[in-house]
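**Q** Quick one: the structure is below, and I'll ask about it shortly.
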Amino acid sequence: MSMGQTFLGLLEAGPRHGYDLKRAYDERFSHIRPVHFGQVYATLARLLKHGLVELDAVEAGEGPERKRYAVTEAGVADVDHWLARPEAPDPYLQNTLYTKVVLALLTGRSATDLLDLQRTEHLRLMRELTQRKANGDLIDHLICDHGLFHLEADLRWLELTAARLDDLAATLTPAGGTTTGRTIRA
Amino acid sequence: MTAPAPVPVPSARAILTATGLRKTFGQTLALDHASISLAPGEIVAVMGPSGSGKSTLLHCLAGILRPDQGSVIYQGQDLTTLRDAARSTLRRTQFGFIFQFGQLVPELTCLENVALPLRMERVPRAEANRRATEELQRLAVEDVAGQRPGEISGGQGQRVAVARALVTRPRVIFADEPTGALDSLNGELVLRQLTATARETRASILLVTHEARVAAYSDREIVVRDGRTRDPLTAGAAA
């Protein structure tokens, strides 16, 4: 899962300190295993270096300086690109797909388009495996069937999620809006 | 909300093109500006949840149902304006049908079931039986030729139904959840034989299914949701 793009998406709602960003991230995406501060600041430093975020304010205090980060246009484009690109199907994809769906809803992008694209990518791989079976021996059949059944399980999750998008959108944004103020699009 | 699907441009390549189909049953809107195009020899899966309009779309494309709005062009003729008799002839001679439950005639033997579409076209009995036997052989169920549908397994029955759908060498095969009642192994056999024969004869298949493993036998998929069609490759990215 890409923590960087998820941070960028969360920053679309407005500038945040690293600490606030970590809290928002843990709450939405990682509440079972909270992310380490070191990882948060390393990620923010990388985003800063690549021009995807910028420093919005630096506040002096008793301890270290508190930096507030804002997403740049390049950062928003990076989120667009990430959400529009289907993931290569693999057995441990669910965390990434879940994050993408939630982030799309939170930022007013189309989660339906995202799920449709992902279905297409899964089916593309399923077609490859089906074709390999057609030309293969029993061993090929067994190997390909294993992959096909796993991909099918992913696809069932995609279909169920697609059917629940309106409910999910309502759960994420009870007031009906998005974190960015855009109209929510299932 | 989902944006309307892009309207397919009827191309010289398309054998069947539906544009802007709308169909209601009482207060229920089953199809809402649904559009789809099928090229010769192409296998297209129509996917979507139960009640999304997949089967209604198939019935409109096959000339079984007349849509309230929109056109269905098959080789230059609009099925929505054809008289019932002409549509019926077209279905018998140009189209093949496979449903979830074979829908074989229980009183006839499997051979007679497969020969039936040819007999309806007045093909002499001997010729019809010869072609039906060939088709049963191709589907590897020639050994049940003399048995009635009630005496054979579900998998065998579905293969007989596929043989019946293919025996007239249709240009378009409409398959509605063709393996929905079969276990994985029998379902695979039916799909392999159906798609291999279609490839061999350059027939197109419209494959309605909610199962991804079935859709994986297609060349591409169209998604139907709330009566609207979406081609995932042209629906736009998530931007």
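The values are calculated or read from the model by the stated rules, or taken from the named source; none is laboratory data. Since the model is a prediction, treat every value here as computed from it, not as a measurement. Every residue, glycine as well, gets a Cβ built from its backbone with ideal geometry; the counts of neighbours run over all protein chains shown.
**Q** Picking from B:Arg138, B:Arg125, which residue would you name as being under 21 Å from the mean Cα position of the chain (by Cα) and of a type outside the set (A, V, I, L, M, F, W, C)?
**A** B:Arg138
**Q** Taking A:Gly108 as meeting all but one of (1) part of a helix (DSSP H, G or I); (2) of a type in the set (Gly, Ala, Ser); (3) within 14 Å of another protein chain (Cβ to nearest Cβ), write down the number of the exception.
**A** For A:Gly108, the failing item is (1).
**Q** Here is a follow-up. In this structure, is B:Gly150 out of contact with any strand residue (DSSP E or B) (no Cβ under 8 Å at 6 or more places or on another chain), crowded, with 18+ Cβ neighbours inside 10 Å and not in a loop (DSSP other than H, G, I, E, B)?
**A** Numbers: out of contact with any strand residue (DSSP E or B) (no Cβ under 8 Å at 6 or more places or on another chain): yes; crowded, with 18+ Cβ neighbours inside 10 Å: no; not in a loop (DSSP other than H, G, I, E, B): yes.
The answer is no for B:Gly150.
Residue-by-condition table, conditions (1) among the small types (Gly, Ala, Ser); (2) buried (at least 20 other Cβ atoms within 10 Å of the Cβ); (3) under 15 Å from A:Thr6 (Cα atoms):
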site: A:Glu54; (1), (2), (3): no, no, no
site: A:Glu59; (1), (2), (3): no, no, no
site: A:Ala74; (1), (2), (3): yes, no, yes
site: A:His81; (1), (2), (3): no, no, yes
site: A:Pro86; (1), (2), (3): no, yes, no
site: A:Thr120; (1), (2), (3): no, no, no
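**Q** Out of everything in region A:61-72 that is out of contact with any Pro (no Cβ under 9 Å at 6 or more places or on another chain) and surrounded by 15 or more Cβ atoms within 10 Å (Cβ to Cβ), what residue ends up being nearest to A:Lys22 (Cα to Cα)? Don't jump to the end; show me each part of the working.
**A** So the first thing to find is which residues in region A:61-72 are out of contact with any Pro (no Cβ under 9 Å at 6 or more places or on another chain), and the list is A:61-67, A:72.
Subsequent filtering for residues that are surrounded by 15 or more Cβ atoms within 10 Å (Cβ to Cβ) retains A:67, A:72.
Values: A:Lys67: 13, A:Thr72: 19 Å.
So the residue we want is A:Lys67.
**Q** Does A:Leu115 satisfy the condition of being modelled with pLDDT under 90 and either away from every other protein chain (no Cβ under 11 Å) or within 14 Å of the chain's Cα centre (by Cα) (or both)? Explain how you work it out, then say what you get.
**A** Values: modelled with pLDDT under 90: no; either away from every other protein chain (no Cβ under 11 Å) or within 14 Å of the chain's Cα centre (by Cα) (or both): yes.
Spelling it out, it is not the case that A:Leu115 is modelled with pLDDT under 90 and either away from every other protein chain (no Cβ under 11 Å) or within 14 Å of the chain's Cα centre (by Cα) (or both).
**Q** Another question, then. B:Thr80: surrounded by fewer than 18 Cβ atoms within 10 Å (Cβ to Cβ), part of a helix (DSSP H, G or I), in contact (Cβ under 8 Å) with a residue 12 or more places away in the chain and polar (S, T, N, Q), yes or no? First the steps, then the outcome.
**A** Values: surrounded by fewer than 18 Cβ atoms within 10 Å (Cβ to Cβ): no; part of a helix (DSSP H, G or I): yes; in contact (Cβ under 8 Å) with a residue 12 or more places away in the chain: yes; polar (S, T, N, Q): yes.
No: the conditions fail for B:Thr80.
**Q** Quick test of your reading of the structure: B:Gln75 fulfils all but one of (1) more than 18 Å from B:Val214 (Cβ to Cβ); (2) surrounded by 22 or more Cβ atoms within 10 Å (Cβ to Cβ). Name the failing condition by number.
**A** So B:Gln75 meets the others, but not (2).
**Q** Just name the residue that is nearest to B:Ile73 (Cα to Cα) out of those in region B:18-61 that are among the basic types (Lys, Arg) and out of contact with any helix residue (DSSP H, G or I) (no Cβ under 8 Å at 6 or more places or on another chain). Can you show your working first?
**A** Initially, region B:18-61 is screened for residues among the basic types (Lys, Arg), giving B:22-23, B:54.
From what is left, the residues that are out of contact with any helix residue (DSSP H, G or I) (no Cβ under 8 Å at 6 or more places or on another chain) are B:22, B:54.
Numbers: B:Arg22: 15, B:Lys54: 18 Å.
Among those that are among the basic types (Lys, Arg) and out of contact with any helix residue (DSSP H, G or I) (no Cβ under 8 Å at 6 or more places or on another chain), it is B:Arg22.
**Q** Filtering region A:76-100 down to residues that are under 11 Å from the mean Cα position of the chain (by Cα) and more than 10 Å from every other protein chain (Cβ to nearest Cβ), which residue is farthest from A:Arg164 (Cα to Cα)?
**A** A:Glu87
**Q** Moving on to the next point. Counting only residues that are farther than 23 Å from B:Thr201 by Cα and either touching a Phe, Trp or Tyr at 6+ places or on another chain (Cβ under 7 Å) or surrounded by fewer than 16 Cβ atoms within 10 Å (Cβ to Cβ) (or both), how many does region B:83-123 have?
**A** 10
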